[in-house]
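Read the structure below first, then the notes.
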């Protein structure tokens, strides 16, 4: 399941690179042609001071701190911009008076206007300027006049603060915004001594703005959230994996006294390079927000605190009674090990296959797609994505749904002109930054657009190494997944599936879907069942033999049970057995599900409900037993990113006293007198590894074909919608500064559609169904007529709860 | 502890408490427990310039059976801890403990595996005395504060009531896990 | 002096001492007669500027310098509504654990604003661990003549640099009025709360 790069390709590429040999401080060094001197010097162990030269940005030679002497050149040269030539003889500050003096002189200039407020500065203690002033600066300043002062700090967005006094004009931030993120909201303004970083009319509301704080070599850019909260020396840093999306970013969590102070991107060249998005960086206060401190049990209709043994006994009794008639809903936010524990618990302890990890809009042919194409396989990797000549995006907005995929695509577009084609209702901000070609698609009818793909796009995809990326939203479009898979077969392109949540891929791999056992084993295959049963130490006959119910089916079954019970009571008959007698729910937010009212009713009606949660939710409100579990900082585990690459992480807080889901399930199994399931992460990992991936047939049974394109009448439109990166998700709660950088909620329609309902640009458009109405300012967008786009889960626009509609449904438009 | 514990409560007992407290505080006999640099200051306190004899306690007893105050002076290593506990157990009741100096009180700057992080992990401490080492006046101050406590010690039924009250207060107090900063 | 028999020489020392001046310090009674030496390291104090604003900027350098890890500081942002120190930052939480502190004075050397100094107070013993952890309010210097308690604004027309240059000599009338006004408002709120409670 682990993704590996293609070794042959790499070796071939290395052979083709031309090498040059130069001399740095008397040491010969051979590097690929095009390597700048500062990097070649690093290879010989010589550290040249620098401010403006992080490896992933283009050279600019703005700060001049890295001046060195090159024999044959009249003046000191910036080593971050001059490439090492064959036979070049370079002297750094270690062997050249000239270079050392030039560097010290530049440092003195940089410090002329730099304020001496290091004790107050958030960068103090981890500041390259501090360090390099110590190593290369003059101890005494000769400048005695008044320093340049600016009002400080100013907000360039609600999250990012700018202190212009401290800036040394290295332009890392502006270059990052321009080259990497493509959001050039900050720029250099003014000239000479008054040159400064500035913003235009717009605030710096980029999804990647937090990276500028991390790469700023001085304390000029700081975050409102971390401001003055701690100093580097009292932070404990632990590497971790981001739990917010399926990109799988490597992060560094800095904590103090068991409270997370900040998170930063960790350097992982194969995945997130040195970057992450603002959600991963700033959205961590939820970790400690109104946590459940102990188990709760329902007594006389009220939840009351209980001891662990009491709560476990109650939960085990209730679940044990419902053995074979229970269902497990796990949400998509669990680690791979926890998901595996649920998959195992459902099949062994509860003897049911009613398990579904998808707390979102799902489609009929998604389970088959995931089982046959995704589970236990390796998708295309980031490296393949970066090298691909063409990429087709189907129902997937990389910037909103998997930001690091977006950064990798943008890098490929900038570096080798990758062609991005997107099948979407309109060219979003992100696809515009990727210079993407739009294949217009009516939501829900992506299959038609894929079938009728223009010939030139088809030709693009036929180039070797091309990639097709399918978003999780494609599941709601009938036939789209099948069409994408067929297209991949026809063109030879790699097919990748990108869910939004960090835990979904791991849950697919470990069998948290009806009909799917761990490693992509089909439940209906006797050989697959035997393999799993022997690994689990049960008889193969004890495992369920037919595929169970998914989330909507479970909800429907509970509603049917209620109806049956009622009619039986009216007739005075004895009520037949329920289909679903107990629910085990973990990490499900009801409003994520399209028909959340039906789910809530099911939660209320089900005879017995056990909830494993970190904080009170709509699910715990109805639960009979609530068992608190660990958040990511309190447990170790693995997230599987969209590539299928495992991203293991360790516990951040070693002294945490909470139990991870897997351990609670093992305790429940103990109370049910079952054989002990593995409860710690190494044992779970070992069991997952020993099972491995399925080598046999992976059938994809016939599924619903494409339906007809919806044809909205006058005053109606087809709903298009997706979740924005920063919205009102529960994992972004408690962070007002980050919420301030959210994009304003707007409704998008074409000019003709807007004119049809008489709403001019900027006025409020109301979008309604039988259940409710959302009114938002309209933004006229170039897109097919008869489509309206709304943000899925933004503060003023909650499509699932207000409209109870899914993309592809027909909605009514009107003027508010 | 003794016959005074058996007396009935009320007016008589308060007077007995006062008398017993006065007697106890005026004849504290410290056990020698000098462990490190603090012991030098403790010895100085016992010597003529500071003269603990003024408080009726100039003789440091090498035999725990004849002592009722243990001044733990210096860092307690993990190996010393059981010895210290043994000496404490050998002292007759009523007995008191002064934790002298930063190391005895909390481990001080020796935050490592070899040193007990506060002697209150081993024996109950009545007075914590900061300082590294505390000057003799500070030790005398600690002793006077201890005297004050001894003077007001309750007995018999009053003591039981006080214990109940302290127990209730301790149960209602903020748990250490909820404290922030250094209180954690 | 004639050589005394050894048995008597010991008694001679005792006898002679009776006529010497007593060198015992009568500590609690005559404490002031034996003050500590000027450089004595006693309890810490968090100083104030002449107008009552705190000197501490919450930079945690004292905590960094501390070899015993006895100091815990959390900084916070001064806002226009709540200003405790000149400049951007102040120490919101300041704790010294005297059971760890070794009175070495490295924190005093580290302090960039002379906010932290040491007094001659040494009577710190107490009967509980948490009572010997001093919080900010225990450590802050008392308000002297001409000081008003923060939070209040800086002296009008001055910025943090002027404070460091020593240009501020006392609280201005404006600052006094601000603090009195705040106090009156708090009093009013308290009274209303009490009224509501009754």
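Here are a few things to note about the model shown:
- Of residues in segment A:289-304 being loosely packed, with under 14 Cβ neighbours inside 10 Å and more than 35 Å from the chain's Cα centre (by Cα), the one nearest to residue A:658 (Cα to Cα): A:304
- Residue match in segment A:193-212 (condition: outside any loop (DSSP other than H, G, I, E, B), at pLDDT 90 or above and out of contact with any helix residue (DSSP H, G or I) (no Cβ under 8 Å at 6 or more places or on another chain)): no
- Those helices (runs of 4 or more DSSP H) of segment C:110-198 in which at least 2 residues are touching a residue at least 24 places away in the same chain (Cβ under 8 Å) and farther than 30 Å from residue A:118 by Cα, considering only elements entirely within it, cover C:173-197.
- Checked against the criterion of being in contact with a strand residue (DSSP E or B) (Cβ under 7 Å, 6 or more places away or on another chain) and surrounded by fewer than 23 Cβ atoms within 10 Å (Cβ to Cβ), the candidates C:113, C:119, C:17, C:24 yield just one match: C:119.
- Some residue of segment B:141-156 being closer than 19 Å to residue B:57 by Cα, in contact with a helix residue (DSSP H, G or I) (Cβ under 6 Å, 6 or more places away or on another chain), surrounded by fewer than 20 Cβ atoms within 10 Å (Cβ to Cβ) and away from chain C (no Cβ under 13 Å): yes
- Unmet requirement for residue C:50, which otherwise passes all of (1) modelled with pLDDT of 90 or more; (2) over 24 Å from residue C:161 (Cα atoms); (3) more than 13 Å from chain A (Cβ to nearest Cβ): (2)
- Residue within segment B:78-89 that is surrounded by 14 or more Cβ atoms within 10 Å (Cβ to Cβ) and within 11 Å of chain C (Cβ to nearest Cβ) present: no
Yes or no, residue by residue, for (1) more than 30 Å from residue B:97 (Cβ to Cβ); (2) facing another protein chain (nearest Cβ under 7 Å):
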residue	(1), (2)
C:100	no, yes
C:106	yes, no
C:109	yes, no
C:113	yes, no
C:119	no, no
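- Of everything in segment B:99-126 that is facing chain C (nearest Cβ under 8 Å) and crowded, with 24+ Cβ neighbours inside 10 Å, the residue that is nearest to the chain's Cα centre (by Cα) is B:105.
- Of all the criteria given as (1) within 18 Å of residue B:132 (Cα to Cα); (2) away from chain B (no Cβ under 14 Å); (3) crowded, with 17+ Cβ neighbours inside 10 Å, the one not satisfied by residue C:140 is (1).
- Among the residues making up segment A:45-55, a single one is surrounded by 16 or more Cβ atoms within 10 Å (Cβ to Cβ) and out of contact with any helix residue (DSSP H, G or I) (no Cβ under 7 Å at 6 or more places or on another chain): A:46.
- Any hit, segment A:153-168, residues being touching a residue at least 40 places away in the same chain (Cβ under 8 Å), surrounded by fewer than 18 Cβ atoms within 10 Å (Cβ to Cβ), away from chain C (no Cβ under 14 Å) and within 26 Å of residue A:230 (Cα to Cα): no
- Residue check, residue A:298 touching a residue at least 40 places away in the same chain (Cβ under 8 Å) and part of a loop (DSSP other than H, G, I, E, B): no
- Among (1) free of Cβ contacts under 8 Å to residues at least 24 places away in the same chain; (2) farther than 29 Å from residue A:68 by Cβ; (3) touching a strand residue (DSSP E or B) at 6+ places or on another chain (Cβ under 7 Å) - the single one residue A:174 does not satisfy: (2)
- Some residue of segment A:59-66 being closer than 20 Å to residue A:214 by Cα, part of a loop (DSSP other than H, G, I, E, B) and under 33 Å from the mean Cα position of the chain (by Cα): yes
- Among the residues listed as A:386, A:339, A:343, the single one being closer than 30 Å to residue A:413 by Cα, assigned to a helix (DSSP H, G or I) and out of contact with any strand residue (DSSP E or B) (no Cβ under 6 Å at 6 or more places or on another chain): A:386
- Meets criteria (touching a helix residue (DSSP H, G or I) at 6+ places or on another chain (Cβ under 6 Å) and either within 24 Å of residue A:62 (Cβ to Cβ) or at pLDDT below 85 (or both)) for residue A:220: yes
- Looking across segment A:61-97, the residues that are touching a residue at least 60 places away in the same chain (Cβ under 8 Å) and either surrounded by fewer than 16 Cβ atoms within 10 Å (Cβ to Cβ) or more than 25 Å from residue A:134 (Cβ to Cβ) (or both) come down to A:84, A:85, A:86, A:87, A:88, A:89, A:94, A:95.
The values are calculated or read from the model by the stated rules, or taken from the named source; none is laboratory data. Since this is a predicted model, take the numbers as computed values, not measurements. Virtual Cβ from ideal backbone geometry, glycine too; neighbours counted across all protein chains shown.
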